[in-house]
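Each remark here refers to the structure printed beneath this line.
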Amino acid sequence: MIAMESRGCGREVVEGLAWTTSSPTSLEGAVWLYGGQGRGGGGRNGGRRRGEDMVHPLKVSLEDLYNGKTTKLQLSKNVLCASCNGAGGKAGAVQKCVACRGRGMRIMIRQLAPGMVQQMQSVCTDCNGEGEVISEKDRCKKCEGRKVNKETKLLEVHVDKGMKHGQKISFTGEADQAPGTEPGDILLVLQEKEHEGFRRDGHDLHMTQRIGLVEALCGFQLAVTHLDGRQLAVKYPPGKVIEPGCIRVVKGEGMPQYRNPFEKGDLFIKFDVQFPENNWISPEKLSELEDLLPGRAEVPVISSEAEEVDLQDCEVRGQGSAGARREAYNDSSDEEGGPHGPGVQCAHQ
(Lines give C-alpha, C1' and ligand atoms only; values in the text may rest on other atoms or scores of the structure.)
Protein backbone atom coordinates (compact mmCIF):
# COMPACT_ATOMS: atom_id res chain seq x y z
CA MET A 1 0.00 0.00 0.00
CA ILE A 2 1.08 3.62 -0.61
CA ALA A 3 1.30 5.84 2.43
CA MET A 4 -0.71 9.05 2.03
CA GLU A 5 -1.67 11.98 4.19
CA SER A 6 -4.50 14.49 3.88
CA ARG A 7 -4.13 17.32 6.34
CA GLY A 8 -7.29 19.08 5.14
CA CYS A 9 -9.71 16.33 6.24
CA GLY A 10 -7.71 15.29 9.26
CA ARG A 11 -7.18 11.67 8.05
CA GLU A 12 -3.80 9.87 7.71
CA VAL A 13 -3.41 6.58 5.83
CA VAL A 14 -0.34 4.41 6.45
CA GLU A 15 0.18 0.90 4.99
CA GLY A 16 -3.50 0.15 4.50
CA LEU A 17 -4.74 1.39 7.89
CA ALA A 18 -6.00 4.91 8.54
CA TRP A 19 -6.26 6.69 11.87
CA THR A 20 -8.41 9.85 12.01
CA THR A 21 -6.77 12.64 13.91
CA SER A 22 -10.17 13.99 14.86
CA SER A 23 -11.31 10.55 16.17
CA PRO A 24 -14.72 10.32 14.48
CA THR A 25 -17.19 7.74 15.72
CA SER A 26 -18.45 6.63 12.31
CA LEU A 27 -17.93 6.82 8.58
CA GLU A 28 -20.69 7.52 6.14
CA GLY A 29 -20.53 4.20 4.29
CA ALA A 30 -17.58 3.42 2.02
CA VAL A 31 -15.71 6.35 0.48
CA TRP A 32 -13.28 6.49 -2.44
CA LEU A 33 -9.72 7.15 -1.42
CA TYR A 34 -8.38 10.44 -2.82
CA GLY A 35 -9.56 9.94 -6.39
CA GLY A 36 -7.28 7.01 -7.27
CA GLN A 37 -3.89 7.89 -5.85
CA GLY A 38 -3.43 4.32 -4.62
CA ARG A 39 -1.53 1.57 -6.35
CA GLY A 40 -2.36 1.33 -10.04
CA GLY A 41 -1.78 -1.32 -12.64
CA GLY A 42 1.12 0.34 -14.44
CA GLY A 43 4.66 -0.97 -14.51
CA ARG A 44 7.55 0.27 -12.45
CA ASN A 45 8.84 3.74 -13.23
CA GLY A 46 6.01 4.23 -15.71
CA GLY A 47 7.32 1.48 -18.03
CA ARG A 48 5.33 -1.28 -19.71
CA ARG A 49 4.05 -4.04 -17.52
CA ARG A 50 5.36 -7.53 -18.14
CA GLY A 51 2.89 -10.29 -18.80
CA GLU A 52 2.89 -13.62 -17.03
CA ASP A 53 5.05 -16.51 -18.21
CA MET A 54 3.37 -19.57 -19.73
CA VAL A 55 4.70 -22.78 -18.16
CA HIS A 56 4.20 -26.14 -19.90
CA PRO A 57 5.60 -29.61 -19.03
CA LEU A 58 7.54 -31.48 -21.70
CA LYS A 59 7.97 -35.21 -21.17
CA VAL A 60 11.25 -36.63 -22.45
CA SER A 61 12.86 -40.05 -22.27
CA LEU A 62 16.31 -40.78 -20.90
CA GLU A 63 17.38 -41.50 -24.49
CA ASP A 64 16.31 -37.95 -25.46
CA LEU A 65 18.44 -36.46 -22.68
CA TYR A 66 21.41 -38.65 -23.65
CA ASN A 67 21.31 -38.14 -27.43
CA GLY A 68 19.60 -34.76 -27.68
CA LYS A 69 16.36 -34.22 -29.57
CA THR A 70 14.56 -31.66 -31.72
CA THR A 71 10.76 -31.70 -31.59
CA LYS A 72 7.87 -29.43 -32.49
CA LEU A 73 5.31 -28.28 -29.95
CA GLN A 74 1.98 -26.67 -30.80
CA LEU A 75 0.63 -24.11 -28.33
CA SER A 76 -2.34 -21.76 -28.27
CA LYS A 77 -1.83 -18.17 -27.10
CA ASN A 78 -3.35 -14.68 -27.26
CA VAL A 79 -2.07 -12.23 -29.89
CA LEU A 80 -3.06 -8.60 -30.49
CA CYS A 81 -5.96 -8.26 -32.88
CA ALA A 82 -4.63 -7.33 -36.32
CA SER A 83 -7.89 -5.68 -37.33
CA CYS A 84 -7.94 -3.05 -34.56
CA ASN A 85 -4.23 -3.20 -33.61
CA GLY A 86 -5.20 -4.19 -30.08
CA ALA A 87 -7.44 -1.17 -29.54
CA GLY A 88 -10.64 -3.18 -29.28
CA GLY A 89 -12.70 -0.80 -31.42
CA LYS A 90 -12.79 2.25 -33.66
CA ALA A 91 -10.54 5.22 -33.10
CA GLY A 92 -11.88 7.26 -30.21
CA ALA A 93 -14.32 4.53 -29.16
CA VAL A 94 -12.28 3.50 -26.15
CA GLN A 95 -13.35 5.50 -23.10
CA LYS A 96 -11.84 5.62 -19.65
CA CYS A 97 -13.90 3.73 -17.09
CA VAL A 98 -15.74 6.21 -14.90
CA ALA A 99 -16.19 3.84 -11.97
CA CYS A 100 -12.47 3.25 -11.38
CA ARG A 101 -11.18 6.35 -13.18
CA GLY A 102 -9.17 4.25 -15.59
CA ARG A 103 -7.14 2.41 -12.99
CA GLY A 104 -8.85 -0.95 -13.31
CA MET A 105 -8.95 -1.21 -9.52
CA ARG A 106 -11.28 0.23 -6.93
CA ILE A 107 -9.77 1.31 -3.64
CA MET A 108 -12.15 1.72 -0.73
CA ILE A 109 -11.79 2.18 3.00
CA ARG A 110 -14.02 0.83 5.74
CA GLN A 111 -14.15 1.43 9.44
CA LEU A 112 -12.69 -1.27 11.69
CA ALA A 113 -13.09 0.53 14.99
CA PRO A 114 -13.66 4.08 16.22
CA GLY A 115 -10.74 6.09 14.93
CA MET A 116 -9.38 3.29 12.66
CA VAL A 117 -10.23 2.40 9.05
CA GLN A 118 -8.86 -0.19 6.58
CA GLN A 119 -7.98 0.36 2.94
CA MET A 120 -9.30 -2.31 0.52
CA GLN A 121 -8.53 -2.88 -3.16
CA SER A 122 -10.57 -4.89 -5.66
CA VAL A 123 -10.89 -5.34 -9.43
CA CYS A 124 -13.35 -2.95 -11.03
CA THR A 125 -16.41 -4.90 -12.12
CA ASP A 126 -17.50 -2.31 -14.70
CA CYS A 127 -14.41 -2.74 -16.90
CA ASN A 128 -13.13 -6.10 -15.58
CA GLY A 129 -9.86 -4.50 -14.55
CA GLU A 130 -9.12 -3.05 -18.00
CA GLY A 131 -9.63 0.58 -17.00
CA GLU A 132 -11.41 1.15 -20.32
CA VAL A 133 -14.85 0.52 -21.71
CA ILE A 134 -16.08 0.29 -25.32
CA SER A 135 -19.67 0.64 -26.38
CA GLU A 136 -21.05 -2.44 -28.13
CA LYS A 137 -21.69 -0.69 -31.44
CA ASP A 138 -18.10 0.56 -31.68
CA ARG A 139 -16.40 -2.74 -30.83
CA CYS A 140 -14.08 -4.49 -33.29
CA LYS A 141 -15.98 -7.15 -35.23
CA LYS A 142 -13.05 -9.58 -35.22
CA CYS A 143 -12.06 -9.56 -31.55
CA GLU A 144 -15.43 -8.26 -30.25
CA GLY A 145 -13.67 -5.70 -28.09
CA ARG A 146 -11.35 -8.19 -26.40
CA LYS A 147 -8.32 -6.66 -28.18
CA VAL A 148 -6.71 -10.10 -28.62
CA ASN A 149 -7.41 -13.26 -30.60
CA LYS A 150 -6.38 -16.88 -30.11
CA GLU A 151 -3.56 -18.08 -32.34
CA THR A 152 -1.77 -21.42 -32.64
CA LYS A 153 2.00 -21.21 -32.32
CA LEU A 154 4.36 -23.94 -33.52
CA LEU A 155 7.61 -24.00 -31.55
CA GLU A 156 10.74 -25.89 -32.50
CA VAL A 157 12.17 -27.26 -29.26
CA HIS A 158 15.82 -28.30 -28.97
CA VAL A 159 16.55 -30.68 -26.09
CA ASP A 160 20.32 -30.60 -25.70
CA LYS A 161 22.45 -33.52 -24.60
CA GLY A 162 22.89 -33.72 -20.85
CA MET A 163 19.81 -31.72 -19.87
CA LYS A 164 18.17 -32.77 -16.63
CA HIS A 165 14.74 -33.38 -15.17
CA GLY A 166 13.18 -30.07 -14.14
CA GLN A 167 15.40 -27.97 -16.40
CA LYS A 168 13.62 -25.19 -18.29
CA ILE A 169 13.75 -24.27 -21.97
CA SER A 170 12.76 -20.63 -22.48
CA PHE A 171 11.20 -18.88 -25.47
CA THR A 172 11.54 -15.17 -24.75
CA GLY A 173 8.50 -12.98 -25.41
CA GLU A 174 6.39 -15.81 -26.83
CA ALA A 175 3.70 -15.83 -24.13
CA ASP A 176 0.27 -14.18 -24.34
CA GLN A 177 0.14 -10.67 -25.78
CA ALA A 178 -1.95 -7.84 -24.32
CA PRO A 179 -2.22 -4.09 -25.07
CA GLY A 180 0.38 -2.01 -23.23
CA THR A 181 2.04 -5.14 -21.88
CA GLU A 182 5.38 -6.73 -22.68
CA PRO A 183 4.76 -10.43 -23.40
CA GLY A 184 6.18 -12.91 -20.93
CA ASP A 185 8.12 -16.05 -21.81
CA ILE A 186 7.07 -19.58 -22.64
CA LEU A 187 8.84 -21.96 -20.27
CA LEU A 188 8.99 -25.67 -21.06
CA VAL A 189 9.86 -27.77 -18.00
CA LEU A 190 11.51 -31.10 -18.81
CA GLN A 191 9.95 -34.13 -17.15
CA GLU A 192 12.09 -37.25 -17.42
CA LYS A 193 10.16 -40.48 -17.91
CA GLU A 194 11.20 -43.51 -15.92
CA HIS A 195 13.51 -45.88 -17.78
CA GLU A 196 13.25 -49.63 -17.43
CA GLY A 197 16.99 -50.30 -17.72
CA PHE A 198 18.91 -47.26 -16.48
CA ARG A 199 18.60 -44.82 -13.60
CA ARG A 200 20.24 -41.40 -13.75
CA ASP A 201 22.10 -39.80 -10.86
CA GLY A 202 23.61 -36.49 -11.95
CA HIS A 203 26.15 -37.30 -14.67
CA ASP A 204 26.24 -41.01 -13.77
CA LEU A 205 24.06 -43.91 -14.87
CA HIS A 206 23.09 -46.94 -12.78
CA MET A 207 21.83 -50.32 -13.91
CA THR A 208 21.29 -53.81 -12.47
CA GLN A 209 22.61 -56.90 -14.28
CA ARG A 210 21.62 -60.47 -13.47
CA ILE A 211 24.28 -63.16 -13.77
CA GLY A 212 24.43 -66.81 -12.79
CA LEU A 213 26.62 -68.42 -10.17
CA VAL A 214 29.03 -69.78 -12.76
CA GLU A 215 29.57 -66.25 -14.18
CA ALA A 216 30.10 -64.88 -10.70
CA LEU A 217 32.79 -67.48 -9.99
CA CYS A 218 34.35 -68.11 -13.37
CA GLY A 219 34.18 -64.73 -15.14
CA PHE A 220 31.87 -63.63 -17.93
CA GLN A 221 31.34 -61.53 -21.03
CA LEU A 222 28.04 -59.76 -21.60
CA ALA A 223 26.60 -57.15 -23.97
CA VAL A 224 24.92 -54.00 -22.65
CA THR A 225 22.85 -51.92 -25.09
CA HIS A 226 23.44 -48.24 -24.28
CA LEU A 227 21.02 -45.33 -24.65
CA ASP A 228 22.42 -44.43 -28.07
CA GLY A 229 22.05 -47.99 -29.41
CA ARG A 230 25.72 -48.92 -29.04
CA GLN A 231 26.60 -52.30 -27.58
CA LEU A 232 29.15 -52.38 -24.78
CA ALA A 233 31.10 -55.64 -24.43
CA VAL A 234 31.57 -55.96 -20.68
CA LYS A 235 34.20 -58.53 -19.67
CA TYR A 236 35.23 -59.83 -16.26
CA PRO A 237 38.23 -62.17 -16.03
CA PRO A 238 38.09 -65.68 -14.59
CA GLY A 239 39.36 -65.94 -11.05
CA LYS A 240 37.87 -62.65 -9.92
CA VAL A 241 34.67 -63.25 -7.98
CA ILE A 242 31.49 -61.17 -8.22
CA GLU A 243 29.69 -61.09 -4.87
CA PRO A 244 25.88 -60.76 -4.78
CA GLY A 245 24.94 -57.06 -4.72
CA CYS A 246 28.43 -55.78 -5.52
CA ILE A 247 28.89 -52.79 -7.84
CA ARG A 248 31.44 -52.33 -10.62
CA VAL A 249 32.01 -49.23 -12.74
CA VAL A 250 32.60 -48.56 -16.45
CA LYS A 251 34.39 -45.23 -16.71
CA GLY A 252 33.18 -42.63 -19.19
CA GLU A 253 29.91 -44.35 -20.16
CA GLY A 254 27.52 -42.23 -18.11
CA MET A 255 25.48 -39.18 -19.15
CA PRO A 256 27.04 -36.41 -21.24
CA GLN A 257 27.49 -33.09 -19.51
CA TYR A 258 25.20 -30.25 -20.54
CA ARG A 259 26.94 -27.97 -23.08
CA ASN A 260 30.04 -30.16 -22.81
CA PRO A 261 28.78 -33.44 -24.29
CA PHE A 262 32.22 -34.98 -24.85
CA GLU A 263 32.70 -35.18 -21.08
CA LYS A 264 30.64 -38.00 -19.58
CA GLY A 265 30.00 -39.51 -16.20
CA ASP A 266 30.37 -43.17 -15.32
CA LEU A 267 28.17 -46.27 -15.66
CA PHE A 268 27.69 -48.21 -12.42
CA ILE A 269 26.55 -51.84 -12.70
CA LYS A 270 25.08 -53.65 -9.71
CA PHE A 271 25.18 -57.44 -10.01
CA ASP A 272 22.33 -59.67 -8.95
CA VAL A 273 23.76 -63.19 -8.65
CA GLN A 274 21.18 -65.91 -9.30
CA PHE A 275 21.82 -69.13 -7.37
CA PRO A 276 20.69 -72.57 -8.63
CA GLU A 277 17.39 -74.07 -7.50
CA ASN A 278 17.17 -76.80 -4.87
CA ASN A 279 18.50 -80.26 -5.79
CA TRP A 280 19.92 -79.03 -9.08
CA ILE A 281 22.79 -81.51 -8.93
CA SER A 282 23.21 -85.11 -7.86
CA PRO A 283 24.79 -85.89 -4.46
CA GLU A 284 27.83 -87.40 -6.18
CA LYS A 285 28.45 -84.31 -8.28
CA LEU A 286 27.82 -82.13 -5.24
CA SER A 287 30.63 -83.90 -3.40
CA GLU A 288 32.93 -83.30 -6.34
CA LEU A 289 31.94 -79.64 -6.41
CA GLU A 290 32.69 -79.31 -2.71
CA ASP A 291 36.16 -80.65 -3.30
CA LEU A 292 36.75 -77.86 -5.85
CA LEU A 293 35.42 -75.06 -3.65
CA PRO A 294 37.31 -73.49 -0.73
CA GLY A 295 37.19 -75.63 2.41
CA ARG A 296 34.47 -75.29 5.01
CA ALA A 297 34.99 -73.35 8.20
CA GLU A 298 35.79 -75.38 11.27
CA VAL A 299 32.73 -77.15 12.62
CA PRO A 300 31.76 -75.57 15.95
CA VAL A 301 31.68 -77.73 19.07
CA ILE A 302 28.03 -78.48 19.91
CA SER A 303 27.23 -79.69 23.41
CA SER A 304 25.14 -82.77 23.99
CA GLU A 305 22.47 -80.62 25.66
CA ALA A 306 21.92 -78.45 22.58
CA GLU A 307 18.43 -78.57 21.16
CA GLU A 308 18.21 -79.46 17.49
CA VAL A 309 15.90 -77.30 15.35
CA ASP A 310 14.91 -77.25 11.68
CA LEU A 311 15.70 -74.38 9.30
CA GLN A 312 12.69 -73.84 7.01
CA ASP A 313 11.75 -71.61 4.10
CA CYS A 314 9.75 -68.51 4.99
CA GLU A 315 8.28 -65.33 3.55
CA VAL A 316 9.31 -62.01 5.03
CA ARG A 317 6.20 -60.17 6.24
CA GLY A 318 7.37 -56.94 7.83
CA GLN A 319 7.88 -57.48 11.56
CA GLY A 320 6.74 -61.11 11.44
CA SER A 321 4.67 -62.98 14.00
CA ALA A 322 7.02 -62.10 16.85
CA GLY A 323 6.58 -58.42 16.15
CA ALA A 324 2.81 -58.86 15.99
CA ARG A 325 2.81 -60.63 19.34
CA ARG A 326 4.96 -57.84 20.77
CA GLU A 327 2.55 -55.16 19.49
CA ALA A 328 -0.44 -57.05 20.88
CA TYR A 329 1.31 -57.24 24.23
CA ASN A 330 2.00 -53.51 24.21
CA ASP A 331 -1.62 -52.75 23.26
CA SER A 332 -2.97 -54.85 26.10
CA SER A 333 -0.55 -53.18 28.48
CA ASP A 334 -1.82 -49.76 27.39
CA GLU A 335 -5.44 -50.73 27.96
CA GLU A 336 -4.72 -52.14 31.40
CA GLY A 337 -2.51 -49.22 32.36
CA GLY A 338 0.45 -51.57 32.76
CA PRO A 339 4.02 -50.31 33.20
CA HIS A 340 5.26 -51.66 29.84
CA GLY A 341 3.13 -49.59 27.42
CA PRO A 342 5.02 -47.17 25.17
CA GLY A 343 2.79 -44.25 26.14
CA VAL A 344 3.28 -44.53 29.93
CA GLN A 345 4.48 -41.38 31.66
CA CYS A 346 5.57 -41.06 35.26
CA ALA A 347 4.66 -38.01 37.31
CA HIS A 348 7.47 -36.69 39.53
CA GLN A 349 6.50 -35.74 43.04
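The values are calculated or read from the model by the stated rules, or taken from the named source; none is laboratory data. Because the structure is predicted, anything quoted here is derived from the model rather than measured. When we count neighbours, we look across all protein chains shown, and the Cβ atoms used for this are built from the backbone with ideal geometry, even at glycine. Side chains included, ligands, DNA and RNA excluded: accessible areas come from the protein's heavy atoms. Shrake-Rupley method; radii C 1.70, N 1.55, O 1.52, S 1.80 Å.
Please list the non-local residues whose amide H lies under 5 Å from the amide H of G86, H modeled 1.01 Å from N, same-chain partners needing a gap of 5 or more.
For G86, whose amide H was placed from the backbone, the distant partners under 5 Å are C81.
Kindly write out, for region 268-275 in residue order, the coupling ³J(HN,Hα) from the Karplus curve 6.51 cos²θ - 1.76 cosθ + 1.60 (θ = phi - 60°), rounded to whole Hz, with x marking Gly and Pro.
Residue by residue, region 268-275 yields 9, 10, 9, 9, 9, 7, 8, 8 Hz.
Give me, ordered by chain and number, the residues 5 or more places off V157 or on other chains with an amide H under 5 Å from its own placed amide H.
T71, K72, L73
On the protein heavy atoms, probe 1.4 angstrom, tell me the percent of accessible surface of region 71-120 carried by carbon and sulfur.
Within region 71-120, the accessible surface is 53 percent carbon and sulfur.
Could you put E290, E315, E63, E253 in order of accessible surface area, largest first, with the 1.4 Å probe and the full protein assembly present?
From most exposed to least exposed: E315, E290, E63, E253.
Write down the percent of antiparallel bridges among all DSSP beta bridges whose residues are both part of region 175-268, to the nearest 5.
If we restrict to bridges inside region 175-268, about 90 percent are antiparallel.
Using alpha-carbon positions, what is the distance between the centroids of region 181-260 and region 103-138, in Å?
If you average the Cα positions of each part, the centres end up 60 Å apart.
Summing +1 for each Lys or Arg and -1 for each Asp or Glu, what net charge is found among the other residues whose Cβ lies under 9 Å from the Cβ of I186?
-1
If packing is taken as the average number of other Cβ atoms within 10 Å across a peptide's residues, how do 203-213, 181-191 rank, most packed first?
So the order, starting with the most tightly packed, is 181-191, 203-213.
Which percentage, to the nearest 5, of the DSSP beta bridges contained in region 60-207 is antiparallel?
95 percent
Would you mind getting me the FRET efficiency between E315 and K270? Use the beta-carbon distance for r and R0 = 30 Å, nearest 0.05.
Result of the calculation: an efficiency of 0.80.
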